[in-house]
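This report refers to the structure that appears directly beneath it.
What follows draws every value from the coordinates through simple rules; no lab data is involved. None of these values were measured; they are calculated from a predicted model. Note: ideal-geometry Cβ built from the backbone for every residue, glycine included; neighbour counts use all protein chains shown.
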Amino acid sequence: MDSRLHITAGYKEGSSYVKDLFVSLPFRVVSVGQRKSDNKLYQMVMSSSPGILDGDHYQLDIDLEEGAALQLQSQSYQRLFNMEGEAVQQLNISLQDHTSFAYVPHPVVPHENSSFKTKAKIRIGKNSQVIMSEIITCGRKHYGELFKLRRFQNLTEIFHEDKLVIKDNILIQPDLIPISSIGNLEQFTHQGTLIFFTTKDQDIPVLIEIIFTLMESYQEEMEIGISEMEEKGFVVRALGYGGEVMYNFFLKIQDILWELE
């Protein structure tokens, strides 16, 4: 199935709003920010499909006009079903000046023999920030499906002023790269990545210290590392045994960064 989603977030009289929205099956987008008082835009992407199927092609385009702030949320865990071929997803995000975008979705659950490739291309303007994360699980471990997927790849590229500033490539292919090998996931069953990049005047070392303090309360449940970029931002990597605790950890980081001015 070829499926499209296109959201344009506008900004008018101090508030962000949905300026334009187009979806095709199985997508649906609903507002979830009724109780917020910060005048930012909160939208949840929902799906009538139980998961991503063989041959699916998802095209997602997110545009933020100058001044807009949009936080996307997911409905539930994303399942990748058994496939003979593969499924692909393309995510294009365009952030004009003075914008903020965040997307911290639920974990991905790759079923046996699934093959999925997703690519995100983000263009960010001046005085703006982006928060993106992803969590990959081992599959349905209670069914004995520990990393029985064929292939999973997530390529993220961030551009500023037509310059590539971040390129992050996650590849899980058990027949090519042994999952439990040293330097890979070893004994862990879940892997998470959160990327924060900003063109605002932020003190990145101070933000990293704040995240370090938060990490201390998760030391018994996950192995976590954080790396400062050469540009203005950082990457958080997490390894663990459960998706929910990692997801909640990333949500807390999002809450801290979302409040930045």
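Each Lys or Arg adds one and each Asp or Glu takes one away; over the other residues whose Cβ falls under 12 Å from the Cβ of Gln71, this sums to -1.
For the chain, a simple Cβ point-charge model (Lys and Arg +1, Asp and Glu -1, everything else neutral) yields a dipole of about 660 debye relative to the Cα centre. Using the Cβ-Cβ distance between Lys126 and Asp255 with R0 set to 30 Å, the FRET efficiency from 1/(1 + (r/R0)^6) comes to roughly 0.75.
For the chain, what is the percent of antiparallel DSSP beta bridges, rounded to the nearest 5?
Percentage antiparallel, nearest 5: 45.
Protection proxy ranking, highest mean first, for peptides 189-200, 162-173: 189-200, 162-173, where packing is the per-residue count of other beta-carbon atoms within 10 Å, averaged.
With the Cα gyration tensor of the stretch 113-261 giving a ≥ b ≥ c as the square roots of its eigenvalues, does the rule (a/c under 1.5 for rounded; else a/b larger than b/c for prolate; else oblate) give rounded, prolate or oblate? List each step's numbers first, then the result.
On the way: a/c = 2.34, a/b = 1.45, b/c = 1.61.
Oblate shape, in that a/c is at least 1.5 and b/c is the bigger or equal ratio.
Just from its helices, what would the mean residue ellipticity at 222 nm be for the chain, if runs of 4 or more DSSP H residues each count -39500 (n - 2.57) and the sum is divided by every residue, rounded to the nearest 500 deg cm²/dmol? Intermediate results must be reported in sequence, preceding the final value.
Working: 2 runs with 28 residues, N = 261.
Value at 222 nm, helices only: -3500 deg cm²/dmol.
Between Glu216, Glu13, Glu145, the Gaussian network model of the chain with springs among Cα atoms under 10 angstrom shows the greatest mean-square fluctuation at Glu13. Convex hull volume of the C-alpha atoms in the stretch 115-162, normalised per residue: 59 Å³.
Going by the alpha-carbon gyration tensor, a ≥ b ≥ c the square roots of its eigenvalues, is the stretch 1-154 rounded (a/c under 1.5) or, if a/c is not under 1.5, prolate (a/b greater than b/c) versus oblate? Prolate, because a/c is 1.5 or more and a/b exceeds b/c.
Residues of the stretch 5-37 with an amide N closer than 12 Å to a point placed 7 Å from the Cα of Gln59 along the Cα-to-Cβ direction: 5-6, 24. Have a look at Glu65, Glu112, Glu186 and tell me which one the Gaussian network model of the chain (Cα, springs below 10 Å) gives the largest fluctuation. For the chain, modelled as a Gaussian network with Cα springs under 10 Å, the answer is Glu186.
Report the Stokes-Einstein translational diffusion coefficient (µm² s⁻¹, integer) for the stretch 30-86, Rh taken as the Kirkwood radius over Cα pairs, at 25 °C with viscosity 0.890 mPa s. Write out the running numbers ahead of the final one.
Working: Rh = 13.8 Å.
Taking Rh from Cα pairs, D becomes 178 µm²/s.
When a/c is below 1.5 the answer is rounded, else prolate if a/b is larger than b/c, else oblate, so apply that to the stretch 203-261 with a ≥ b ≥ c taken from the square roots of the Cα gyration tensor eigenvalues. Prolate is the answer for the stretch 203-261, as a/c is 1.5 or above and a/b outweighs b/c. When each of the peptides 178-184, 96-102 is scored by how many other beta carbons lie within 10 Å of its residues on average, the order from highest to lowest is 96-102, 178-184.
Roughly speaking, what is the stretch gain from Arg140 to Val235, that is 0.36 nm per residue apart minus the C-alpha to C-alpha distance, in nm to one decimal?
Net length gain for the segment: 31.5 nm.
Cα-based values for the stretch 1-55, radius of gyration first and Dmax second, are 13.7, 45 Å.
Under 15 Å of direct C-alpha separation, and excluding same-chain neighbours fewer than eight residues apart, Lys167 reaches these aspartates and glutamates: Glu134, Glu157, Glu228, Glu230, Glu231.
Projecting the Cα atoms of Met83, Ala68, Asn39 onto the charge dipole of the chain, computed from C-beta unit charges around the Cα centre, puts Met83 farthest toward the positive end. Relative contact order of the chain: 13 percent, from C-alpha pairs under 8 Å at least 6 residues apart in sequence.
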